[in-house]
Each structure stands twice: as C-alpha cells, then as structure tokens.
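Worksheet for the structure shown next.
The values are calculated or read from the model by the stated rules, or taken from the named source; none is laboratory data. It should be emphasised that the depicted structure is a prediction, and the values quoted were computed from it without experimental measurement. Neighbour counts run over all protein chains shown; Cβ positions are idealised from the backbone, glycine included.
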Amino acid sequence: MPEDVDRTQPESRLVASASRWARIRSQAIRELVALATPRSVLAIRGSRRDRTRRIAITFDDGPDAMTRGYLDTLGELGIPATFFLIGENAARAPDAVADVVRRGHEVGGHGWSHTPFPALTAGALLDEIGRTAAAIPVPIRLVRPPCGALSMRALAQVASAGYRTVLWSLDSDDCRTRDPHEVARRMSPARVRSGDIVLMHEMQAWTLGALRRAVPVLRDAGFTFTTVGDLIDGNRCVRD
Ligand SMILES: [Zn+2]
C-alpha cells in the first residue's frame with residue numbers, strides 16, 4: 001500500500017533520501033534478477049531500442065471509488081494503461097473492473113489481500129492468484145507482486161500457475177509525495193526511456209494531476225503509450 005513521507009520535515013527528508021538510495025539499489029537488484037530469469041517468467045521493461053519509444057503506465061492497488069476518474073482521465077489523454085488489481089477490491093467492485101476492461105485497458109493481478117508473496121505458503125499464494133483471476137471477467141496473463149516483493153520460489157509458482165510476473169523500471173514516486181508537479185517531474189523525458197514500465201497507484205488525486213501534466217510532455221518528446229502486455233510481447237529483443 002502507498003506510504004507517505006512528509007517532505008516538509010527535515011527528518012522525513014533524511015528518511016526520503018535514504019530510502020531513495022534503497023530504491024535505486026532495489027531497482028538494480030530487479031535488473032539483475034530479470035537478466036538471470038527467463039523473460040517468460042519475469043518482465044521489468046520492454047526494449048530500450050524501440051523506435052516508437054513505447055512506454056507503459058501502470059496503476060496498482062485498485063479498483064476503488066476513484067477508478068472511474070482514472071478512466072476518464074486516461075480517456076481525455078487518449079492513452080491505454082495496465083491496472084494491477086487487488087483481488088478482494090475487484091470482488092467488491094465488479095462494475096469498476098468491467099469498466100476498466102470495457103474501456104480497453106489491460107488488467108493484471110496484484111494478489112488477493114496485498115500480502116507480499118514471499119510471506120505466503122505455496123498453497124496460499126496459488127489460492128490468492130486463483131481467486132484474483134476469478135474476480136476479473138477476462139483472462140489475465142500478468143501478475144505484479146504486492147510491494148514488488150520477490151522470491152525465487154514465488155516467481156516459480158506464479159510461472160507454474162501460468163502467469164508472468166511484472167515489476168517496473170521507473171517508479172513515479174507517487175507513494176512518497178502528494179505533489180503532482182513532483183510526480184510529473186519523476187516522469188519527465190529526461191528520466192523516461194523507451195521500454196519503461198512506469199509504476200503509479202490508484203486512489204490518489206495527485207497521481208491524476210501528475211498524469212495530466214506528464215503525458216502531453218512525454219508525447220511531445222516522441223513517446224507513445226501502450227499496455228504492459230503489448231510492450232513486453234511486441235518485441236523480441238528486450239535485453240538490449
Ligand atoms: Zn500494491
């Protein structure tokens with residue numbers, strides 16, 4: 001679930017600064033794990049050499065009361081996105097899930113209870129994945145582990161259940177600030193690269209504000225927008 005860091009307090013800035021290095025280290029570890037893992041099992045981004053400069057925007061933790069606002073904003077911007085839904089939220093809001101699908105977006109699983117996969121027994125993990133898939137009215141192929149927490153056992157189990165684990169290559173940091181300008185800066189053309197999978201979250205008005213600012217700037221810089229499934233399937237050479 002999103003965490004908040006109050007950047008107005010010096011102590012919090014120190015925490016934010018330290019956690020930024022931790023996040024950079026985590027991203028480096030994800031890149032290494034992805035290099036050592038078949039692409040059919042784990043994907044963290046698409047091709048860096050994609051001439052159409054495709055990227056994929058992703059939203060975790062929905063659906064919720066703001067999902068339709070997200071769909072309206074995406075519609076205004078004219079871009080598709082990928083929603084990684086928490087199973088128990090999806091079961092409570094089937095109409096919202098149906099709207100996400102009907103409006104042409106991609107849906108993946110994000111666990112049933114948002115418990116990190118490495119903390120679950122093998123049986124509980126498969127149960128969470130299966131119940132989440134059953135709460136979504138279209139077949140899903142992608143699963144994003146809650147909090148991005150990985151273990152080799154969980155990766156293997158998700159793959160054996162027929163799903164591909166998806167992480168991200170660019171964190172918008174929309175869990176760490178409520179300033180839409182700051183989130184938009186984290187998604188500026190200077191930071192985004194072709195093939196990026198961008199991590200964002202539902203339930204946050206500032207995330208929508210950041211999207212409205214960032215997407216036109218990225219588009220002007222030549223980036224195009226697609227779903228994660230298209231981004232990671234649409235090219236063969238992803239480890240460039
Ligand atoms: Zn989450």
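In region 103-135, how many residues are among the acidic types (Asp, Glu), touching a helix residue (DSSP H, G or I) at 6+ places or on another chain (Cβ under 9 Å) and more than 16 Å from the ligand (Cβ to nearest atom)? Even if it seems obvious, please write down each step before you answer.
So in region 103-135, the residues among the acidic types (Asp, Glu) come out as 106, 127-128.
Checking which are touching a helix residue (DSSP H, G or I) at 6+ places or on another chain (Cβ under 9 Å) leaves us with 106, 128.
Right, trim to more than 16 Å from the ligand (Cβ to nearest atom) and you get 106.
Qualifying residue count for the region: 1.
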(message) Tell me whether region 144-159 contains one or more residues that are touching an Asp or Glu at 6+ places or on another chain (Cβ under 8 Å), assigned to a loop (DSSP other than H, G, I, E, B), away from the ligand (no atom under 16 Å from the Cβ) and on the phi < 0 side of the Ramachandran plot.
(response) no
(message) Quick test for you: out of VAL138, VAL183, pick the one residue that is under 19 Å from THR58 (Cβ atoms), more than 16 Å from the ligand (Cβ to nearest atom) and in a helix (DSSP H, G or I).
(response) VAL183
(message) So PHE59 ticks every box in (1) farther than 14 Å from GLU202 by Cα; (2) of a type outside the set (Val, Ile, Thr); (3) part of a strand (DSSP E or B) but one. Which box is left unticked?
(response) (1)
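Would it be correct to say that ARG25 is modelled with pLDDT under 80, in contact with a helix residue (DSSP H, G or I) (Cβ under 9 Å, 6 or more places away or on another chain) and under 24 Å from ARG176 (Cβ atoms)?
On the way: modelled with pLDDT under 80: yes; in contact with a helix residue (DSSP H, G or I) (Cβ under 9 Å, 6 or more places away or on another chain): no; under 24 Å from ARG176 (Cβ atoms): yes.
No, not satisfied.
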(message) Which residue is farthest from the ligand (Cβ to nearest atom), if the candidates are limited to region 60-86 and must be under 17 Å from SER172 (Cβ atoms) and polar (S, T, N, Q)?
(response) THR73
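Sort out which residues of region 107-135 are part of a loop (DSSP other than H, G, I, E, B) and either within 23 Å of ASP95 (Cβ to Cβ) or of a type in the set (S, T, N, Q) (or both), and write them in order of number. Talk me through it step by step, then tell me what you get.
Filtering region 107-135 down to residues part of a loop (DSSP other than H, G, I, E, B) leaves 110-116, 120-121, 135.
Within region 107-135, HIS110, GLY111, TRP112, SER113, HIS114, THR115, THR121, ALA135 meet the criteria.
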(message) Among the numbered criteria (1) in contact with a Pro (Cβ under 7 Å, 6 or more places away or on another chain); (2) within 16 Å of the ligand (Cβ to nearest atom); (3) in contact (Cβ under 8 Å) with a residue 40 or more places away in the chain, which one does ASN89 miss?
(response) (3)
(request) Provide a single number: the residues in region 106-134 that are in contact with a Phe, Trp or Tyr (Cβ under 6 Å, 6 or more places away or on another chain) and surrounded by fewer than 22 Cβ atoms within 10 Å (Cβ to Cβ). (result) 1
(message) Taking the condition of being more than 16 Å from the ligand (Cβ to nearest atom), surrounded by 11 or more Cβ atoms within 10 Å (Cβ to Cβ), among the charged types (D, E, K, R) and in a helix (DSSP H, G or I), how many residues in region 17-49 meet it?
(response) 2
(message) Testing THR52 on (1) crowded, with 16+ Cβ neighbours inside 10 Å; (2) assigned to a loop (DSSP other than H, G, I, E, B), one condition comes back false. Which one is that?
(response) (1)
(request) For region 69-106, enumerate the residues that are assigned to a strand (DSSP E or B) and farther than 23 Å from ASP220 by Cα. (result) PHE83, PHE84, LEU85, GLU106
(message) List pairs: first residue in region 58-81 and of a type in the set (Asp, Glu), second residue part of a helix (DSSP H, G or I) and surrounded by 20 or more Cβ atoms within 10 Å (Cβ to Cβ) anywhere in the structure, Cβ distance under 8 angstrom, at least six positions apart or on different chains.
(response) ASP61/ASN89; ASP64/ASN89; ASP64/ALA96
